[in-house]
Amino acid sequence: MDAAPPLEKTRPLLRRVYIAQLSTALGDGAVLTTATLYFAVISGFGEGVVGPALGGGALAGLLLSVPHGILADRIGLARMAALLSAVAATAMVLFSIAQSPAVYVVGALCWGIAQASLMPVRQALAASQVPLGGRVRLRAILHTLLNIGMGLGAAWGAVAIALQLHDVFVGTFIVNAVICVLTGIGYLTLHASSKAALAGLPPAESAAWRDRRLLALTALAAMLQFAMPILSVLVPIWVVTKTAAPEWLPAAALVMNMLIVVATQLRWATWVNTASRARLSVLVAGGSAVAACVVLGVAPTLGAMGATVATIVGVVLITVTEVCAGAASWFQLTRLSPVGRQGEFQAVFSTATTLARIVGPAALLPLVIAFGLPAWAILGVVIAAAAVLLSVALRRPTVEP
């Protein structure tokens with residue numbers, strides 16, 4: 001069993017991680033909302049530069065996230081978080097001074113690398129301070145703070161877009177750079193208990209990327225997390241281009257998604273504290289995904305009011321998938337992650353999110369737009385199949401770390 005540090009030392013560390021999670025999410029939400037428009041349109045770099053730069057950053061982040069996790073376990077999770085915060089701050093400085101595509105591209109690469117690696121390192125840092133039974137709830141707290149911060153940051157981003165002022169965009173990047181610097185300093189002040197000793201690491205044969213159960217969980221989690229690109233990419237474009245629903249509906253639906261997640265994720269994850277409950281949770285996720293995809297797929301056949309109702313119902317159902325699948329996946333992750341390898345195992349698992357975000361826009365969107373309801377139905381079945389397979393994996397006994 002994984003022993004937790006003394007409570008009096010854990011609480012201050014966790015508070016700092018929570019503050020870092022919320023403040024970083026605020027900055028990320030604002031930048032993600034504004035950067036693409038600013039560089040593609042206002043700065044005039046065009047989609048031909050911005051698209052490949054963002055894709056390259058995502059790919060670099062995907063390739064480096066696991067090596068970064070391994071390094072974090074060796075040099076200390078807090079130190080690695082501080083280093084990645086410096087990379088993120090560098091990206092923001094480059095964004096703020098970018099007068100040429102080359103500077104922007106370097107910034108986008110730094111930004112993609114920092115985004116892919118900093119989140120799992122921060123999650124590992126928090127998990128290292130919490131006993132095994134509390135880690136699903138901890139993950140839910142971090143996820144809730146992420147949603148709150150991203151939502152508030154996106155709201156500021158919407159204001160910046162409405163103002164269309166160069167100084168406002170640049171100011172947004174600079175403020176986020178300051179946030180990254182301050183959180184990086186905060187990581188360096190954390191207790192040395194966050195550092196994993198090299199001598200305590202398992203042998204190389206137990207490396208996370210060779211753990212078949214973890215790789216299977218990551219693959220299934222990636223399919224379950226198709227809920228994210230459905231909400232952020234598929235629904236907005238589907239509603240605007242294929243249905244009679246009002247154009248403002250996707251934005252309102254995203255706000256509704258955030259509110260539901262904030263209201264329910266922590267309570268649900270706290271309830272999912274046994275394998276049987278995790279199995280039930282993931283099966284509910286799969287069923288909700290099928291229902292959501294069918295409802296969204298038939299929306300174009302309805303009138304304006306019907307399409308609006310169908311979109312709202314579909315978003316609620318896919319949010320249920322997000323909440324329930326997340327809790328079940330995190331529960332299984334806690335059973336697989338050994339002591340002293342939190343950074344590495346969290347990094348491997350985090351690639352599920354990156355893969356879902358890449359596959360969603362690149363593959364799912366063209367299929368859904370081209371084939372409509374049949375593609376929606378197949379997507380729902382894929383998510384449900386992943387849910388069933390994870391429920392089977394949850395039945396198998398796992399040796400606690």
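Filter segment 238-255 down to the residues that are surrounded by 15 or more Cβ atoms within 10 Å (Cβ to Cβ) and part of a helix (DSSP H, G or I) and list them by number.
Trp238, Val239, Lys242, Leu249, Pro250, Ala253, Leu254
Regarding segment 188-209, can at least one residue be identified that is modelled with pLDDT of 80 or more, surrounded by fewer than 17 Cβ atoms within 10 Å (Cβ to Cβ) and either closer than 25 Å to Ala35 by Cα or of a type in the set (Lys, Arg) (or both)? Let's see the steps before the verdict.
First, pick out the residues of segment 188-209 that are modelled with pLDDT of 80 or more: 188-189.
Adding the requirement that they be surrounded by fewer than 17 Cβ atoms within 10 Å (Cβ to Cβ) leaves 188-189.
Next cut, either closer than 25 Å to Ala35 by Cα or of a type in the set (Lys, Arg) (or both) only: none.
No - not one qualifying residue is present in segment 188-209.
Do we have Leu333 as hydrophobic (A, V, I, L, M, F, W, C), farther than 30 Å from Ile75 by Cβ and in contact (Cβ under 8 Å) with a residue 12 or more places away in the chain here?
Values: hydrophobic (A, V, I, L, M, F, W, C): yes; farther than 30 Å from Ile75 by Cβ: no; in contact (Cβ under 8 Å) with a residue 12 or more places away in the chain: yes.
Considered against the rule, which asks whether it is hydrophobic (A, V, I, L, M, F, W, C), farther than 30 Å from Ile75 by Cβ and in contact (Cβ under 8 Å) with a residue 12 or more places away in the chain, Leu333 comes out as no.
Which is under 24 Å from Gly372 (Cα atoms), crowded, with 21+ Cβ neighbours inside 10 Å and outside the structural domain of Leu63 (by TED's automatic domain parsing), of Leu355, Leu317, Leu302, Leu333? Give the derivation first.
Numbers: Leu355 fails: crowded, with 21+ Cβ neighbours inside 10 Å; Leu302 fails: crowded, with 21+ Cβ neighbours inside 10 Å; Leu333 fails: under 24 Å from Gly372 (Cα atoms).
The conditions single out Leu317.
Check every one of the helices (runs of 4 or more DSSP H) wholly within segment 5-114 and list those with 3 or more residues that are closer than 17 Å to Ile179 by Cα, in contact (Cβ under 8 Å) with a residue 12 or more places away in the chain and in contact with a Leu (Cβ under 7 Å, 6 or more places away or on another chain).
Working: elements: 7-37, 47-75, 77-97.
Because the criterion is at least 3 residues that are closer than 17 Å to Ile179 by Cα, in contact (Cβ under 8 Å) with a residue 12 or more places away in the chain and in contact with a Leu (Cβ under 7 Å, 6 or more places away or on another chain), the helices (runs of 4 or more DSSP H) in segment 5-114 that meet it are 7-37, 77-97.
What's the number of the condition Leu145 fails, among (1) within 17 Å of Ala327 (Cα to Cα); (2) surrounded by 24 or more Cβ atoms within 10 Å (Cβ to Cβ)?
Leu145 satisfies all of (1) within 17 Å of Ala327 (Cα to Cα); (2) surrounded by 24 or more Cβ atoms within 10 Å (Cβ to Cβ) except (2).
With respect to Leu152, is the statement that it is within 23 Å of Leu77 (Cβ to Cβ) and at pLDDT below 90 true?
Values: within 23 Å of Leu77 (Cβ to Cβ): no; at pLDDT below 90: yes.
The answer is no for Leu152.
Which residues, counting only those in segment 39-85, are surrounded by fewer than 21 Cβ atoms within 10 Å (Cβ to Cβ) and on the phi > 0 side of the Ramachandran plot?
Passing the criteria: Gly44, Gly46.
Looking at this structure, is Val105 over 25 Å from Thr34 (Cβ atoms) and surrounded by 19 or more Cβ atoms within 10 Å (Cβ to Cβ)? Explain how you work it out, then say what you get.
Details: over 25 Å from Thr34 (Cβ atoms): no; surrounded by 19 or more Cβ atoms within 10 Å (Cβ to Cβ): yes.
Criteria not met by Val105.
The values are calculated or read from the model by the stated rules, or taken from the named source; none is laboratory data. Being a predicted model, the structure only gives us computed values, none of them experimental. Positions of Cβ are generated from backbone atoms using ideal geometry, with glycine treated the same way; all protein chains shown enter the neighbour counts.
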